[in-house]
1. Of all residues in segment B:192-207, count the ones that are surrounded by fewer than 16 Cβ atoms within 10 Å (Cβ to Cβ) and under 17 Å from B:Asp169 (Cα atoms).
2. Just checking, does segment B:415-425 include any residue being at pLDDT 90 or above and at negative phi?
3. Restricting to strands (runs of 3 or more DSSP E) lying wholly in segment B:1-70: which have 1 or more residues that are without any contact (Cβ under 8 Å) to a residue 60 or more places away in the chain and touching a strand residue (DSSP E or B) at 6+ places or on another chain (Cβ under 8 Å)?
4. Tell me which residues, restricted to segment A:222-256, are facing chain B (nearest Cβ under 10 Å) and of a type in the set (Val, Ile, Thr).
5. Out of everything in segment B:315-332 that is crowded, with 16+ Cβ neighbours inside 10 Å and facing chain A (nearest Cβ under 9 Å), what residue ends up being farthest from B:Glu303 (Cα to Cα)?
6. Do the conditions hold for B:Gly417, that is, is it outside any helix (DSSP H, G or I), under 19 Å from the mean Cα position of the chain (by Cα), small (Gly, Ala, Ser) and closer than 19 Å to B:Gly337 by Cβ?
7. For B:Val376, state whether it is closer than 30 Å to B:Thr201 by Cβ, β-branched (Val, Ile, Thr), out of contact with any Pro (no Cβ under 8 Å at 6 or more places or on another chain) and in a loop (DSSP other than H, G, I, E, B).
Amino acid sequence: MSRKLKANILSISLSLLTTIILTSLLLIIIGKNPITIYGTLISEVFGTGYGLGQALFKATPLIICGLGLALCFQASLFNIGAEGQLNIGAFVMSFVAYNLDDYLGIMVIPVAIAAGFVMSALWGLIPAFLKIKRGVSEVITTIMMNFIALALVNYLLIEFIAVKSTVRTERILDTVFIPKLSDISSVFQGSSANMTFFFAILLAVFMYFIFYKTRYGYEIRSVGLNPTASRYLGVKTNRIILWSFLIGAGITSLVGVNFIFGYKGYYELGFSNNIGFTAIAVTLLAKNNPIGIIFTAFLFGVLDYGGLAVNTLVPKEIMLVFQALVILSILAVDKVVKIYYLKED
Amino acid sequence: MSSNVIPAIEFRNITKKFGTFTANEDISFSVAENTIHSIIGENGAGKSTLMKILFGIYSGDSGEILIKGNPVKFRSPLEAIDSNIGMLHQHFELIEDFTVFENVILGSEPVNSGVIETTKSGIAIKTLIDKYKLGLELDDRISDISISQKQKVEILKLLYRNSEILIFDEPTSVLSPVEVEEFFKIIRKFKDEGKTIILITHKLNEIKELSDRVSVLRKGRLVYEVDACGLDLDVLSREIIGNVAAVHLPDERAVFNNPDVLIKFENAKLKKDNVDKLNGLSFTVKSGEVYGICGVEGNGQSEIVEAILGTEKIHSGKMEIRTRDVSLVPDDRIGKGMIKEFTVGENVLLREKKFFIYNAKRIKEKARDIISKYDVRLSDETAPLESLSGGNQQKVIFGRETGLGNKLMVLVHPTRGVDINSSAFIYKIIIEERNRDKGILIISSDLEEVLKLSDRIGVIYKGKIVNEYGKQDFTFRDEAKKQEFMTNIGKAMIGAEV
């Protein structure tokens, strides 16, 4: 294990510890016993197959969206537009799915996924193009395009597509759903977790391989670290920026698979529940490492479902505080580890 | 120097380790007040580490430092600055968008009830500029001034902070011969003012010209000390290098009939921000020769490289590059030559573009290959390239580019900041490559280097080759001829009529 990896594990563990201590203090201040709260949370999530399944279900879209963002972040493209990109993609995915499921049967899944992927990627093309051709900061364009994306989907859905007096599309046929985890093991009975979770894990492993074991990965990371030197080293930097942005945005659309094919069967306004933003934290916490993203997404999944589980004892917002504290403490602890463990100045 | 005078700085048994690598081992010596004390040694000998300990950037593992007899232990550079110690780093620390004035006061702004006071401090800085003949304008933006002027801004910062002890880390590596002379004058003036100067350098002639005393470091230890009056350059070089057989430049130069023309510029012009960077540039580089371009920096050298790489287009005239693949050793090794966070092997693989899969075995093989062939010294081959010393980084880049096997090599300042031993090694490889029928373009401000390596030389001034010389012009029968030639070429470089 390299020293850098050890340092990363050390700083993540230390920051988790710091967060647990700080949250405990907060719980004590509001007159709750932290041990009871953490105890309930852990037993609710890990003590039952249902709880664990729900945590995995919540983690799945975060893993997928985080992987798309990691591809952008590795190339130093600070894509804040995942929320918009994934809504456009998921919307198109469901549109294709319920229109073609009669004709294509199970084959509608790959077709709908491809359509959603392409739409999200095209949505990412606009900021990528502006960055390459005009040097416009992708942070600004992607934030702005979130509003456009959500308004556009909202308009199309309500005006033309939505099922009467709802804010959702038509439901797909029962025959084209992806199997639930409870179909395989009764342990997960009642939970919404589905096979998309395993797909997300596979995708993470694949992305890890690309990032750290292939020339593309090295080229993407070199552009992120030093675009000037990359150009001198013969890397086609603009091409890397374009494709990282397109494919990264495309991957975020796959969030829709978990919800449409794995859970509800349709696209619904507000389904994403800010996954596009939460995934930024998940990705940064994992330092853009795909394998790390599995764990940080799972942590956020646990907190998300765990928040509901302890809702009778404390407001579930305490878990949002926990999430925020994790991010703040990793920023602080990272620096400390760098100075005292890696001895950097 | 009498022994009862308290020295300005005294190092006592300084030791510093990084992991298993000992950067400084039991170093003890003192620097007398109001002298110029040179510290010399190869890349990685421990010079910079020792100075960083003095300046509070690192803390030593053991030993102590005394300033004017008082033990000190600076925990940060700020504390060192408060004790009137100033350090000129190899890499400048200037805000490009600020003016000279703003950069100088930054960090110790003269404040009058919350508002920055500009009149009095402006006059004070102006006085310093005039006194030391720095030739700077307070309102110039850093991004608009040359490297040597930037260095003067750094010097001005030290003066503004009343530094009495000045540490210069390889100060002349970015300067042209004319600028070096100017710099020497400034240093001497400092000494006349009663300041104490520590000069870290690779260059023997600088030591001879400036120093009162020299300390030689080798592999982290102090191996030799001598006063300037007893200085023998032969002894000194031996002490620096240690027991390593000197690398000899191959004398024989292969002769090739029918060489290919690899680069051909004909009356090329290139404008940047409405300034003619290349203005009627003409020269050719053929296979089997070394073509050297010398000149004061900023006369179009970097635009030649940009044009060859295709990142800048010439506006008129002709440029032909008859080969697609060009090996390049760029001027700024950290900014352009490598991804500093990647390891040796990763940097080589990335450049080669041969393989799609980069597994650990392949990375290791590449690293070992370069490390053994080019004598790269490093503690850990999985460490990022930034952890290597400058000379070793250069050897990695050099080895990588040579290994590509391209017909054309463009080398910009191939040995800048590289020690004697490594330079000799790099020179040897350049000539070997030439003898393999490669075409080599060297762009350097080190005239000795260009003379030593080139078959032909072009002097560049304001974007144009103003003089061209063949080998017979700079193969000298005696020292007088050489001096005459050097004077002429020096004049050509600054645009004086020859």
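1. As a first pass, look at segment B:192-207 and keep what is surrounded by fewer than 16 Cβ atoms within 10 Å (Cβ to Cβ): B:192-194, B:205.
Narrowing the set further to residues that are under 17 Å from B:Asp169 (Cα atoms) leaves B:205.
Qualifying residue count, segment B:192-207: 1.
2. Looking only at segment B:415-425, we keep the residues that are at pLDDT 90 or above, and these are none.
Within segment B:415-425 (the criterion being at pLDDT 90 or above and at negative phi), the answer is no, since none of the residues qualifies.
3. Details: elements: B:9-18, B:21-31, B:36-40, B:62-67.
Result: B:9-18, B:21-31, B:62-67.
4. Pass one, segment A:222-256, residues facing chain B (nearest Cβ under 10 Å): A:222-226, A:228-235.
Matches in segment A:222-256: A:Val223, A:Thr228, A:Val235.
5. Quick first cut of segment B:315-332, residues crowded, with 16+ Cβ neighbours inside 10 Å only: B:317, B:319, B:321, B:326-331.
Next, only the ones that are facing chain A (nearest Cβ under 9 Å) stay: B:328, B:330.
Numbers: B:Leu328: 14, B:Pro330: 12 Å.
Looking at residues that are crowded, with 16+ Cβ neighbours inside 10 Å and facing chain A (nearest Cβ under 9 Å), I get B:Leu328.
6. Numbers: outside any helix (DSSP H, G or I): yes; under 19 Å from the mean Cα position of the chain (by Cα): yes; small (Gly, Ala, Ser): yes; closer than 19 Å to B:Gly337 by Cβ: yes.
Yes, satisfied.
7. Details: closer than 30 Å to B:Thr201 by Cβ: yes; β-branched (Val, Ile, Thr): yes; out of contact with any Pro (no Cβ under 8 Å at 6 or more places or on another chain): yes; in a loop (DSSP other than H, G, I, E, B): yes.
In short, yes.
Per-residue answers, yes or no, for (1) within 14 Å of another protein chain (Cβ to nearest Cβ); (2) not in a loop (DSSP other than H, G, I, E, B):
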| residue | (1), (2) |
| --- | --- |
| A:Arg171 | no, no |
| A:Thr175 | no, yes |
| A:Ser182 | no, yes |
| A:Phe199 | no, yes |
| A:Leu202 | no, yes |
| A:Val205 | no, yes |
| A:Phe211 | yes, yes |
| A:Glu219 | yes, yes |
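The values are calculated or read from the model by the stated rules, or taken from the named source; none is laboratory data. This structure is a prediction, so every number in the text was calculated from the model and none was measured. Glycine gets a Cβ as well: all are built from the backbone with ideal geometry, and neighbour counts include every protein chain shown.
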